[in-house]
Amino acid sequence: MAPETRYARSGDLSIAYQVVGDGPFDVVFVPPGTSHVELGWEVPSTRALFEGIARFARLIFFDKRGTGMSDRVAGAPTLEARMDDLRAVMDSAGSERAAVIGWSEGVAMTALFAATYPERAWALVLYGGAARELRAPDYPWGPTEAKALQLIEAGRSDVERPGFAEEVARSGMPTAGDDEVAALARMIRQSISPGASEALDRMNIQIDVRHVLPAIRVPTLVLHNTRDRWVEVERGRDLADRIPGAELVEFPIEGHMTPAAHIPGVVQEIERFLHEAWQADSNREPDRQLATLLFTDIVDSTSHMAQLGDAGWRELLERHHALVRRELARARGQEIDTAGDGFFAAFDGPARAVRCAKSIVGSVRDLGIDVRSGLHTGECELVDGKISGIAVHTGARVAAHAGPGEVLVSSTVKDLVAGSGLDFEDRGVHELKGIPGDWRLYAAV
């Protein structure tokens, strides 16, 4: 019998999840694009996977927002919104730290979660995923953007066509029996609507977490099927190569989805790896994490100071600081430092950080001033509660290139906010003083 479905509150949404097993440590399963916490038990491969993990761990699994039994949303959710859902599920299930398994479409978000919240994830398993969806000059796999958009346009009518879910299930699990294909197709049909599927596809093709992967500092196992028709095994190898110390295991399995007959071998590898990581883990305090860093300062501050005088300038600064702190609080930003008329803050979500910067730019105009702001997402060192490292210097250098009232971001930030509705204008390639390489910058518009 399947366990009881529970709900976690993530903002205004209810996220469906279940808990099974009572092992010595927690495992959180982040599902692929389609899931259903109750109907999943009727799919032989899903049942075999969950029962296998529950034999050695306490397993927590959920339906991402917009799918399965979780609340529907307008448009496509961002990676950081899904990370909020994962944290909400862990909190609701009473899980402070867990090994996190990302499956297929869930891989990118799981990798970002582990880098952003190292205190919540002590190990990572990534199966059948990739660092990027689209082909690029330095990434020779996946479709071009034009081809991907063409497939998405055609896909909407395909999804609505009778028998399409069965075709997807058969394509994904070509060696599975008819009953397993039928059960998977039934779950797909009831997990996600055609419109939600299209919005998700449009968001996913913009994702690129390559810059995030080197910041993952927890033990990581990358799994991939050698004859995966949807995500080439070379992309799995590339994923593993980008994560420090990651272990790669390939299965001689046909297709992207793993049928029930092969699940025991997969569970065996996961159990081996997690037991080794658990024994090596000593509740260590993370000394590094991924963060989005925001720098702001007032444009022409010296001129304003001379015009207003000391008392007037102090009053203006007080009002400016109050407005900036109000926007930081609204966006869950952490004020790290304030020096003169400048602010340095950190965020756990890049889209929130960009929107906060835009709000700051707009609100301070009422004071008759402009601010420039710059953002970069990167790995930061944590020393005595302070944030430092090359990412901090990079963020400050990005801000130095911003014009009055401009929110300038690095390409890393732009790549991580897919689905957010934020738009950017290319500001070209720049040298950042003291930072190696050339950097392409974008203005949030």
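The values are calculated or read from the model by the stated rules, or taken from the named source; none is laboratory data. This structure is a prediction, so every number in the text was calculated from the model and none was measured. We place every Cβ from the backbone using ideal geometry, glycine too, and count neighbours over all the protein chains shown. Ligands, DNA and RNA are excluded from the accessible area calculation, which covers all protein heavy atoms including side chains. Shrake-Rupley method; radii C 1.70, N 1.55, O 1.52, S 1.80 Å.
Among the protein heavy atoms, those of residue 193 account for about 50 Å² of accessible surface (1.4 Å probe, every chain in place). So for the chain, if I pair up every lysine 8 or more residues apart or on another chain, how many of those pairs have alpha-carbons under 26 Å apart? Taking the Cα cut-off of 26 Å, the pair count is 8. Between residue 269 and residue 230, the modelled labels are 1.7 nm apart [label points 7 Å from Cα along Cα→Cβ].
Solvent-accessible surface of the range 90-153, averaged per residue with a 1.4 angstrom probe and all protein chains in place: 34 square angstrom. Between the amide H of residue 222 and those of 126, 247, 248, 249, distances stay under 5 Å, these residues lying 5 or more places away or on another chain, with hydrogens modeled in the peptide plane. Charged neighbours of residue 313, selected by a Cβ distance under 15 Å, balance to -4 (K, R count +1; D, E count -1).
When the surface is traced with a 1.4 Å probe over the full set of protein chains, residue 91 keeps roughly 90 Å² accessible. Surface composition of the chain: carbon and sulfur make up 48 percent of the accessible area, probe 1.4 Å. Roughly how far apart, in whole Å, are the Cα centres of the range 212-284 and the range 34-102? So the two Cα centres are separated by 18 Å.
Using the Cβ of residue 10 as centre and a radius below 11 Å, the other residues enclosed give a net charge of 0, where K and R count +1 and D and E count -1. Measuring r between the beta carbons of residue 161 and residue 190 and using R0 = 25 Å, the FRET efficiency lands at 0.90. Can you give the FRET efficiency to the nearest 0.05 for residue 332 and residue 261, using r as the Cβ-Cβ distance and R₀ = 41 Å? Result of the calculation: an efficiency of 0.35.
For the chain, what does the helix formula give at 222 nm: sum of -39500 (n - 2.57) over DSSP H segments with n ≥ 4, over the residue count, nearest 500 deg cm²/dmol? Here the helix-only value at 222 nm equals -12500 deg cm²/dmol. What the range 293-445 shows is 45 Å² of accessible area per residue, with the surface traced by a 1.4 Å probe over protein heavy atoms.
Helix 263-280 and the longest principal axis of the Cα set of the chain meet at an angle near 40°. When the chain is described by a simple charge dipole with +1 on each Lys and Arg Cβ and -1 on each Asp and Glu Cβ, the residue from 5, 340, 152 located farthest towards its positive end is 340.
Dipole of the chain computed with +1 at Lys/Arg Cβ and -1 at Asp/Glu Cβ about the Cα centre; of 422, 226, 256, farthest Cα towards the positive end is 422. Who wins for biggest fluctuation among 242, 272, 288 in a Gaussian network model of the chain, springs between alpha carbons below 10 Å? In the Gaussian network model the winner is 272.
Its Cα centre serving as origin, the chain has a Cβ charge dipole (Lys and Arg +1, Asp and Glu -1) of approximately 400 debye. Rolling a 1.4 angstrom probe over the protein heavy atoms with all chains in place gives the range 1-79 an accessible area of 38 Å² per residue.
DSSP assigns beta bridges within the chain; of those with both partners inside it, close to 60 percent run antiparallel.
From the protein chains alone at 1.4 Å, what is the descending order of accessible area for 141, 278, largest first?
Largest accessible area first, the residues go 278, 141.
Computed over the alpha-carbon pairs of the range 163-292, the distance histogram in 5 Å steps reads 2, 9, 13, 16, 18, 17, 13, 8, 3, 1, 0 percent, short to long. In the context of the full protein assembly, residue 96 retains an accessible surface of approximately 150 Å², using a probe radius of 1.4 Å and ignoring ligands and nucleic acids.
Near residue 396, once Lys and Arg are set to +1 and Asp and Glu to -1 for all other residues with Cβ below 13 Å from its Cβ, the sum equals +1. Dipole orientation for the chain: of the candidates 185, 364, 439, 364 has the Cα lying most toward the positive pole (charges on Cβ; Lys, Arg +1; Asp, Glu -1).
Charging the Cβ of each Asp and Glu at -1 and of each Lys and Arg at +1, and nothing else, the dipole of the range 235-376 about its Cα centre rounds to 540 debye.
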